[in-house]
Every structure is written in structure tokens, then in C-alpha cells.
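Colleague: A single structure is presented below for examination.
Read the figures in this text as sums done on the coordinates, not as results from a lab. It should be emphasised that the depicted structure is a prediction, and the values quoted were computed from it without experimental measurement. Cβ coordinates were reconstructed from backbone atoms using ideal geometry, including for glycine residues, and neighbour counts include every protein chain displayed.
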2 protein chains.
Amino acid sequence: MDLHILDHRLRVTSICKNGLVNFTHPLIKLIFLRKRTRCKFFSLTETPENFTVVLDEEGFKELQPSEHLQVEGSVWLPLNVISNGNASSSSQAVGVTKIAKSVIAPLAQQHVSVFMLSTYQTDFILVREKDLAVVIHTLEEEFNIYREVGGEYSAVLSQDVRNGFQKNGKEAPQPTVHPVLIPPNQFCVMSLDPDTLPAIATTLIDVLFYSSSPKEGALPSQDLDCIKFFSFSLIDGYVSLVMDTEAQRQFPADLLFTSSSGELWRMVRIGGQPLGFDECGIVAQISQPLADSDISAYYISTFSFDHALVPEEDIVSVTEMLQQHRKEPAC
Amino acid sequence: MDLHILDHRLRVTSICKNGLVNFTHPLIKLIFLRKRTRCKFFSLTETPENFTVVLDEEGFKELQPSEHLQVEGSVWLPLNVISNGNASSSSQAVGVTKIAKSVIAPLAQQHVSVFMLSTYQTDFILVREKDLAVVIHTLEEEFNIYREVGGEYSAVLSQDVRNGFQKNGKEAPQPTVHPVLIPPNQFCVMSLDPDTLPAIATTLIDVLFYSSSPKEGALPSQDLDCIKFFSFSLIDGYVSLVMDTEAQRQFPADLLFTSSSGELWRMVRIGGQPLGFDECGIVAQISQPLADSDISAYYISTFSFDHALVPEEDIVSVTEMLQQHRKEPAC
């Protein structure tokens with residue numbers, strides 16, 4: 001398999017809930033007005049805590065420093081696993097499950113923090129730029145590694161980047177087993193033709209920027225246990241949307257599409273307390289047992305918590321698996 | 001003819017150019033998300049100086065006080081002349097020309113300041129609430145006057161509102177003759193079905209909120225004498241747009257409509273210095289000679305200057321008329 005180190009230098013930021021009004025202008029530009037910006041990697045995820053915005057340095061320039069904006073200090077690079085067309089795989093699963101053993105587990109063992117961003121199209125594994133040497137050394141046995149520079153890919157060898165390697169210890173860390181929350185919402189992972197983005201603009205703007213204020217005449221949501229989670233990304237021209245079925249009903253049904261109609265996902269939110277960015281092995285903790293059972297999963301990290309999405313029909317077995325895991329937090 | 005005093009209490013405000021980013025959130029709500037606001041009267045006009053926003057008190061609540069926001073101190077009420085269907089009129093002209101002699105001139109003579117807002121659908125004559133008694137007394141000979149309250153219209157008689165009358169003097173003021181500017185842009189006055197507003201959302205957002213920043217690869221405007229002027233209004237569910245032909249080209253041609261295809265207008269901007277709100281007779285100065293020549297005109301007041309739009313084919317005679325007027329500032 002091939003591993004691509006993509007040509008985006010990313011920042012991971014968080015806008016607090018009541019600060020969003022101050023960022024409406026740059027965010028609308030980044031989402032809808034591609035001609036006005038050089039940003040090529042943009043992701044916005046609303047959770048109950050805040051808005052996580054991951055974007056490249058061109059996009060980051062659009063965000064004015066503010067008391068409402070938190071910025072993680074590192075530059076992050078997105079990795080992308082390319083399944084070679086002919087490679088036969090015993091697994092039918094998609095998402096992080098496919099890369100759990102080959103990428104996630106080895107990086108966790110090397111104490112490399114990862115920030116995951118699954119989209120409709122693919123799964124981005126974000127690693128800190130300063131960890132790149134360790135990442136390459138760790139993954140080069142399993143992968144042919146290519147680095148994208150200006151649209152061209154060139155092979156990367158470990159000796160090219162040996163500086164900085166060996167800094168991380170070798171022994172596997174004892175991972176914290178974080179509590180998980182499994183809200184009742186059903187989620188969809190969708191895409192649309194970027195040319196039809198204008199057609200959903202007012203709905204998307206409404207959902208992203210105004211959903212916290214009540215609609216005239218609208219009843220408050222009946223289901224208080226549902227979690228607010230909405231993710232939009234526009235990466236290299238591809239749009240991906242993750243939303244629950246209640247939000248989905250607001251969009252025109254003919255424009256958004258899923259890989260197979262009616263595919264619904266349930267969420268496992270990881271972390272009782274905000275997770276921070278330095279702990280390693282959180283993704284591995286969830287993705288390993290899913291991989292063992294060959295259960296598909298999308299995985300979206302945010303500034304405070306991690307979120308795995310698993311097929312609705314597997315949520316009972318995943319719940320049991322995670323309960324078992326908490327009782328016996330082995331290795 | 002009937003005169004309606006509409007049930008909107010309006011504020012006239014101005015947002016400075018570099019303060020617009022701070023008002024993107026409330027303005028987008030007021031323009032596109034009607035379900036989220038009780039605002040029923042909203043108008044936004046960009047000029048080279050600023051953004052004039054006229055809106056009712058429900059809309060005004062959305063605008064946070066800021067150093068970037070100037071608010072005229074008065075409450076303004078919109079008047080609307082209803083041409084009774086059967087009344088024969090010798091004039092074929094539309095816009096302020098039709099009301100120049102019956103409304104504009106008498107109010108100017110009574111020292112009543114007016115703020116004009118022509119739209120695709122009609123012409124609103126805004127007067128200060130405190131001037132209402134004078135307005136009614138002045139216009140009741142010519143009009144049956146009705147006041148709208150909660151959607152119902154009831155006849156208004158002068159004795160009902162006699163308080164406050166006679167404060168203004170009787171003699172006609174000597175009007176200042178303001179310099180005028182006639183930029184080369186050609187303007188269109190358009191409307192669209194409010195249900196199709198979402199379809200032009202990204203274009204309208206781009207033009208209104210991002211047009212001052214250069215587009216990637218776009219050439220700077222060739223014609224430096226062209227004036228920036230763009231007006232959007234959403235009043236009682238009706239949309240009106242005034243823009244030049246360069247802005248118009250950015251919109252899909254099939255959604256916006258004009259009263260007759262290809263109708264183009266030229267602008268007469270009134271005022272070398274900002275006009276303020278207290279001088280009377282400015283609209284009268286322009287609309288009287290237009291009425292004498294039966295030339296149609298839209299008229300849009302803004303925070304700093306007034307703007308008359310006249311048919312392209314009449315601009316030469318209007319220019320000569322105004323030059324004549326400056327030489328002999330009679331009456």
C-alpha cells in the first residue's frame with residue numbers, strides 16, 4: 001500500500017460557541033467563495049463544546065486573532081493511505097478500521113499523537129510536522145511513502161528524514177481508557193457536487209451559524225439526549241458532510257448523496273474530559289477492537305473530544321466491546 | 001389617491017466600510033433567514049462611503065452597538081402612495097416623478113425632511129415620526145390617508161393628530177442647490193421571487209460582503225469613474241435589487257427580472273458633501289424638474305448622499321436640465 005504525505009500545512013483551531021458571530025465573515029468565504037481564497041483544506045466541526053476548524057495556512061490567515069479563537073501550537077500534516085486498486089483485502093470494512101493495524105497502532109506505539117479526520121471520500125491522519133521523521137520510520141516497512149510537493153509525488157526514504165528520530169521511547173504506553181458516550185442520534189456521511197454547494201448555501205449557513213438561536217414557531221428539540229454534531233469539509237475540491245438525520249431533513253434530498261442509500265451511523269464519543277492533543281493511543285483504543293471485528297468506522301477528532309461513527313446495526317456489539325474493554329484495560 | 005402610513009417603525013443606520021465584517025452575521029440573517037427574524041422591512045445600500053441599512057425595530061435589535069455603526073436618532077415611518085386603479089393619469093412616468101408635485105413638493109414647503117427609498121415594487125417616502133402631524137395636515141387635501149395597524153387600515157383625519165402641528169414655518173425655504181455627479185455606470189432595477197433568493201445566495205453574499213477584496217485572478221475594474229452602488233431590499237416579503245450591469249452579469253440571468261427587458265438607468269448622485277438628514281427640499285429639487293418633463297425616476301437616499309436613477313435615454317436632457325438649474329437656482 002502507498003502512504004501519501006499531502007502538501008497541506010494545517011492548523012487545528014477552536015472557536016468558542018459565542019464567538020462564532022465574529023468569524024462568520026471569514027468562514028463563509030472559506031466555505032462558499034473558493035475563488036476568493038487560496039485555502040485548499042478546510043474542515044469545520046460543531047460539537048456541544050465549540051467549533052473545531054482545521055485548515056491550511058492560507059485559510060488560517062483569514063482568521064483574525066481573537067479571545068474567541070484557540071490555536072493548537074503545531075503545524076500538522078495530513079497523511080492518506082491509498083489502497084492500490086489490485087490489492088486483495090479480506091476486510092469489507094471502510095474508514096479507520098482499514099488502517100487500524102497498519103497505521104494507527106504503530107504510531108500509537110511510537111507515542112505519535114494523531115488527529116483523525118474521516119470524510120466521505122477518505123480518512124486523513126494528521127500528524128505533527130515535528131513527528132514526521134518518526135512517522136516515516138515507523139510506517140516505511142508497511143508502506144511505500146510519497147510526499148506531495150506542488151502536485152507531484154516523490155518517494156520518501158527514512159534516511160532522508162532521520163533527523164529527530166529516536167526521540168520517542170520504544171515501549172508501548174499504558175493507555176488511559178476514556179469513558180465513552182453513545183448518544184441516540186443517527187448520523188449520515190454525505191457528499192455533494194461542489195458545483196451544487198450554492199444550492200444548499202442558505203440551509204448550510206442556517207445550520208452552521210444560526211442553529212443555536214430558536215426559529216420562529218419552532219418547537220425545542222424533543223430529544224434532550226441527542227448530541228449536537230455537524231461536520232463540513234471542503235478539501236481539494238471535495239465536499240463532505242456529517243450530520244444527524246434531524247439536520248439532514250433540512251437539506252434538499254436530491255443534492256446530497258451517501259455511498260448507499262439509507263446508510264445510518266451511530267456515534268461513540270470518546271472522553272469524559274477534554275482529551276488535549278498530547279495523549280497517544282486514543283484512536284488505537286477504539287479502532288483496534290473495531291478492526292478485530294471488521295466493523296467499519298469513520299473517526300473525527302475535534303479540539304476537545306474524539307468521535308467514532310459505526311454502522312447502526314453494529315452499535316450493540318460495539319457498546320458491549322467497549323464495556324468489556326473498560327473492565328479489562330489490557331495492553 | 002390614497003396615502004398609506006405603513007406599520008413599520010424604521011431606523012436609518014450606517015455601517016462603515018471596514019466594519020462590515022462585524023455585521024456579516026446579523027445581515028445574512030436579515031437577508032436570507034426570514035424564519036429566524038421578525039424583521040419585515042430591511043434595506044441595505046452600498047455606496048463608496050458606507051453601507052446604509054434601513055430596517056424596522058425588530059431588525060434593528062439584531063445590530064449590536066459598535067463604533068462601526070452610526071444610527072440616525074429618529075424613528076422614521078414609511079408612507080406609500082396608492083394610485084387607485086381607475087384614476088386616469090396623464091403621466092406615463094414611474095417612481096418619484098409621479099409623487100413629485102403631490103407629496104414631495106408640499107412636504108418640502110413645510111420643512112419636512114424626507115428619506116426616499118424607491119424599490120422595484122413601489123416608492124417609500126420615509127418621514128420622521130415626530131413630523132407625522134405636519135405630514136398629515138399637509139397631505140390630507142390631496143389624499144385619503146390611512147394608517148396601517150396590525151394589517152388593518154383605518155382612515156386618519158388631521159384633527160386626530162393636531163398635536164405638534166404649526167411648529168414648522170410656512171414660508172418656502174431657499175433650497176441649497178447641491179452639485180451632482182453623473183457616473184458612467186448603467187443600472188438595472190430588478191426583482192426576484194423571494195422563494196428563489198436561496199438560489200442567488202452565494203452570489204449576493206459575494207457581491208455584498210466580499211466585493212472589496214480582489215478575486216483570485218480577477219483584473220481590477222477598468223473604468224475608474226464607475227461608482228460602487230448596490231441596493232438590496234426585502235420589504236414585506238418583496239425583494240428589490242438595484243445594481244449596475246457589471247454586478248448584474250454575476251447573477252444567473254433567468255432568476256432576476258426587470259419590468260421590461262433591457263431597461264437601463266443612469267444615476268444622478270446629489271451632494272458634493274454628505275447631505276445630513278435635516279435639510280429639506282433635496283428630493284424636490286430633482287423630482288420637480290423631472291416631473292415637469294415627465295421623466296421617470298427612482299430615488300434612493302442613503303446616509304451620506306441621495307441618488308436619482310433616470311432612464312438612460314433621458315440622461316442628456318436631465319444633465320442639461322440640472323446644469324440650467326444650477327445656473328438659476330430659482331424659487
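Colleague: Around B:Pro311, with a cut-off of 9 angstrom between Cβ atoms, what is the net charge of the other residues, counting Lys and Arg +1 and Asp and Glu -1?
Modeller: Here the count lands on -3.
Colleague: Restricting to Cα pairs below 8 Å that are 6+ residues apart, what does the relative contact order work out to for chain B? Please round to a whole percent.
Modeller: This gives 24 percent for chain B.
Colleague: Please order A:Val71, A:Val189 by the number of other Cβ within 10 Å, starting at the fewest.
Modeller: The fewest-first ordering by Cβ neighbours comes to A:Val71, A:Val189.
Colleague: In addition: At q = 0.08, 0.10, 0.15 Å⁻¹, what base-10 log of I(q)/I(0) does the Debye formula yield for chain A when every alpha carbon is treated as an equal point scatterer in vacuo?
Modeller: After summing over all Cα pairs, the log10 values are -0.36, -0.58, -1.38.
Colleague: Total Lys pairs in chain B closer than 26 Å by alpha-carbon, pairs eight or more apart in sequence or interchain only?
Modeller: The number of close lysine pairs in chain B is 24.
Colleague: Along Cα→Cβ at 7 Å, what distances in nm separate the A:Arg9 label point from those on the other copies, shortest first?
Modeller: Relative to the other copies, A:Arg9 has label-point distances of 5.6 nm.
Colleague: When 1/r is averaged over all different Cα pairs and the result inverted, which Kirkwood radius in Å belongs to the protein assembly as shown?
Modeller: 28.5 Å
Colleague: Can you check what the net charge comes to around B:Thr97, using other residues whose Cβ is under 14 Å from the Cβ of B:Thr97 (Lys, Arg +1; Asp, Glu -1)?
Modeller: That works out to -2.
Colleague: Evaluate 2.2 N^0.38 Å with N set to the residue count of region A:1-99, then give the Cα radius of gyration divided by it.
Modeller: Against the empirical 2.2 N^0.38 Å value, I get 1.31 for region A:1-99.
Colleague: Hey, another quick one. Can you give me the long-range amide H partners of B:Phe42? Hydrogens built in the peptide plane at 1.01 Å from N, cutoff under 5 Å, separation of 5 or more residues or another chain.
Modeller: Amide H neighbours of B:Phe42, under 5 Å, 5+ apart: B:Leu234, B:Ile235, B:Asp236.
Colleague: Picking from A:Ser304, A:Leu322, A:Met267, whose Cα lies most toward the positive end of the charge dipole for region A:229-330 (charges on Cβ: Lys, Arg +1; Asp, Glu -1)?
Modeller: So the residue furthest toward the plus end is A:Ser304.
Colleague: Here is a further query. Placing unit charges on C-beta atoms (Lys and Arg positive, Asp and Glu negative, everything else neutral), compute the dipole magnitude of the protein assembly as shown about its Cα centre in debye, rounded to 20.
Modeller: Around 1060 debye, computed over the protein assembly as shown.
Colleague: Here's something else I'd like to know. Which net charge results for the neighbourhood of B:Thr196, defined as the other residues with beta-carbon distances under 15 angstrom from its beta-carbon, given Lys and Arg at +1 and Asp and Glu at -1?
Modeller: Residues near B:Thr196 contribute -2 overall.
Colleague: Residue by residue through region A:284-301, what is 3J(HN,Hα) from phi via Karplus (6.51 cos²θ - 1.76 cosθ + 1.60, θ = phi - 60°)? Round to whole Hz and write x for glycine and proline.
Modeller: 4, 3, 8, 6, 5, x, 5, 5, 4, 9, 6, 9, 4, 7, 8, 9, 10, 7
Colleague: Run the simple label-point estimate for B:Glu148 and A:Thr245 please: 7 Å along Cα→C-beta, distance reported in nm.
Modeller: With each label placed 7 Å out from Cα toward Cβ, I get 4.3 nm.
Colleague: Can I ask one more? Which value, in debye to the nearest 20, gives the size of the charge dipole of chain B about its Cα centre, when Lys and Arg are +1 and Asp and Glu are -1 at the Cβ?
Modeller: 700 debye
Colleague: From the phi angles alone, apply the Karplus equation (6.51, -1.76, 1.60; θ = phi - 60°) to region B:308-324 and give each ³J(HN,Hα) in whole Hz, x where the residue is Gly or Pro.
Modeller: Once θ is set to phi - 60°, the couplings for region B:308-324 become 9, 10, 10, x, 3, 6, 9, 5, 5, 5, 5, 4, 4, 4, 6, 5, 4 Hz.
Colleague: Let me ask another. Which value, in debye to the nearest 20, describes the size of the charge dipole of region A:1-78 about its Cα centre when Lys and Arg Cβ atoms bear +1, Asp and Glu Cβ atoms bear -1, and nothing else is charged?
Modeller: 420 debye
Colleague: Scan region B:105-148 for GluC sites (Glu not before Pro) in coil per DSSP, keeping those whose Cβ has at most 11 other Cβ atoms within 10 Å, and list them by number.
Modeller: B:Glu141
Colleague: Divide by every residue of chain A the summed helix terms, -39500 (n - 2.57) for each DSSP H run of at least 4, and state the resulting mean residue ellipticity at 222 nm, rounded to the nearest 500 deg cm²/dmol.
Modeller: Taking each H run of at least 4 residues, the total per residue is -5000 deg cm²/dmol.
Colleague: Now a separate question. Which of the peptides B:271-280, A:52-61, A:225-234 is most tightly packed, and how do the rest follow, judged by the mean count of other Cβ atoms within 10 Å per residue?
Modeller: Packing order, densest peptide first, comes out as A:52-61, A:225-234, B:271-280.
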